[in-house]
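Participant: Before I ask anything, here is the structure I am working with.
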Amino acid sequence: MRLTHFLHAGLLGAVLGAAAGSDAADLSPAIERLAAASGASSASPDLQQAWRRVAAGDPQRMTDVLAAMDAPSATAQNWLRTAADAMAERALESGDGFPEAELQQFLFNPDQPPRGRRAAYEWLVENRPELKAELLPKLLNDQSVELRYDAVAALMDKAEAASGGEQRELYEQAFASALNLKQLQKCAERLGELGDKPDIVEAMGFIADWKIIGPFDNVDGVGFDKAYPPEERVQLDATYPGKNGVVAWQDAEAEGALGEVDLTEPLGPEKGATAYLYATFDSPAAVPAQVRYASSNATKLWVNGDELASNQVYHAGNPLDQFRCPVELREGENTILVKVCQNEQTEGWAQAWDLQLRITDPIGKALLPATKGGEQ
């Protein structure tokens, strides 16, 4: 937390020699200059001057600096963060002017930028370590992924030290709030030992039940850009000419531990093949969401008929949430259609033909339970 870790530590001497106590009107242009920083301007004299001005400013202006960290440039965010750090450092070393009340108010304002809120939390705890136990329980369902992670971790530590019914209750709370996969898995493991059967697939919002049709042709990659009938209309009672004969929609279930659908189960270990998966889900209101998915294969994604993603990539790995697609869900039924193309590589590691997809809010919390592939 100390200034020795500053990204712009070379400016420390200049800060110590600068006049402190800049008034609000004087600081605002300098803060705006830092917020406009980019990689190309990182060494400009005017930017360095703005940084010195802000860093030497009144610590009561810290929240103004942290609020500017909604800047899109990581470079700008770093300049602002280190300037705010300089303010806090001086306040702590002098024992005067540390803005604890203002930082707490800023921390609990979800409209402020997550990285700025994180900085506020770190300085609050740096100033008074005992605040950690007071602040973290209030952040258990926070919209900041980092703050939420720390809050869940603290609750899990508390659960580990508890016993009996209290331990079970605390792990249930942690499981309900966690976004991080390792935290979810640890909570599920401990709850399993305590007699519960938590469902990670449901908790993470994976679609578990699908309709699937195929295989269609993808020899020499021809299927990726070819619009087979499901792209025109999803008609679940229809049949079509496929790669090896007539194909029809059938059920497909996500049987993997994290909602993975193995397409070779219903369709066989096809190569040079294309398949479509379809599901519906209901939203109680029109809300912003994300479709997060992963596949070892080339994919296209449509939600409510709108194409959201096109990734012609084969066997380059399929980490959790490999692709993230913002979407506005409509109230009521929403439809998901995914095209999954398998190529013709013969290596053993290139045989996977799979899909894993979940629906979350913008920070990765399951927005809706997994729903069954529906009729249209």
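Participant: Could you tell me how many degrees, from 0 to 90 and to the nearest 10, lie between the Cα long axis of helix 114-127 and the main elongation axis, the longest principal axis, of the Cα atoms of the chain?
Facilitator: Computed tilt is about 50 degrees.
Participant: Just from the alpha-carbon atoms, what are the Rg and Dmax of the chain in angstroms?
Facilitator: According to the Cα coordinates of the chain, Rg and Dmax are 25.9, 81 Å.
Participant: Is the range 264-329 best put as rounded, prolate or oblate by its Cα gyration tensor, with a ≥ b ≥ c the root eigenvalues, rounded for a/c under 1.5, and otherwise prolate when a/b is larger than b/c, oblate when not?
Facilitator: Judged from the Cα gyration tensor, the range 264-329 comes out prolate (a/c at least 1.5, a/b above b/c).
Participant: Also, quick follow-up: At 7 Å along the Cα-to-beta-carbon direction for both Gln345 and Glu166, put a label point, then send me their distance in nm to one decimal.
Facilitator: Taking the two extended label points, one gets 5.3 nm.
Participant: If you find the alpha carbon centre of the range 78-107 and of the range 149-226, how far apart are they in angstrom?
Facilitator: A separation of 37 Å, based on Cα centres.
Participant: Here's another thing I want to ask about it. At a 10 angstrom cut-off on C-beta neighbours, averaged per residue, how do the peptides 86-93, 316-323, 72-79 rank from highest to lowest?
Facilitator: 86-93, 72-79, 316-323
Participant: Another question about this same structure. Using only Cα atoms, find the angle between the long axis of helix 164-177 and the longest principal axis of the chain, and express it within 0 to 90 degrees, rounded to the nearest 10.
Facilitator: Helix 164-177 sits at roughly 80 degrees to that axis.
Participant: Would you order Arg233, Arg115, Arg358 from fewest to most other beta-carbon atoms within 10 Å of each residue's own beta-carbon?
Facilitator: Arranged by neighbour count, lowest to highest, Arg233, Arg115, Arg358 become Arg233, Arg115, Arg358.
Participant: Report the convex hull volume per residue for the range 43-144, counting only C-alpha atoms, in Å³.
Facilitator: 90
Participant: So for the range 143-234, considering every pair of alpha-carbon atoms, how many percent are separated by more than 20 Å?
Facilitator: So the pairs more than 20 Å apart make up 53 percent of the total in the range 143-234.
Participant: Distance check, please: which entries in Lys300/Lys365; Lys182/Lys211; Lys138/Lys186; Lys211/Lys300; Lys158/Lys186 exceed 19 angstrom between their Cα atoms?
Facilitator: From the list (Lys300/Lys365; Lys182/Lys211; Lys138/Lys186; Lys211/Lys300; Lys158/Lys186), the Cα-Cα distance tops 19 Å for Lys300/Lys365; Lys182/Lys211; Lys138/Lys186.
Participant: For the range 217-229, what does the Karplus curve 6.51 cos²θ - 1.76 cosθ + 1.60, with θ = phi - 60°, yield as ³J(HN,Hα) per residue in whole Hz, taken in order and with x for Gly and Pro?
Facilitator: Calculated HN-Hα couplings, in order: 6, 9, 4, 6, x, 6, x, 4, 9, 8, 8, 6, x Hz.
Participant: For the range 256-276 and the range 278-355, what is the centre-to-centre distance using only Cα atoms, to the nearest Å?
Facilitator: For the range 256-276 versus the range 278-355, the Cα centre distance is 13 Å.
Participant: What nm value, rounded to one decimal, do you get for the distance between Asp70 and Asp96 when each label is placed 7 Å out toward the C-beta?
Facilitator: Going from the Asp70 label point to the Asp96 one covers 3.5 nm.
Values in this text are rule-based calculations from the coordinates and carry no lab data. As the structure is a prediction and not an experimental result, all values here were calculated from the model. Cβ sites come from the backbone with ideal geometry, for glycine too, and all protein chains shown count toward neighbours.
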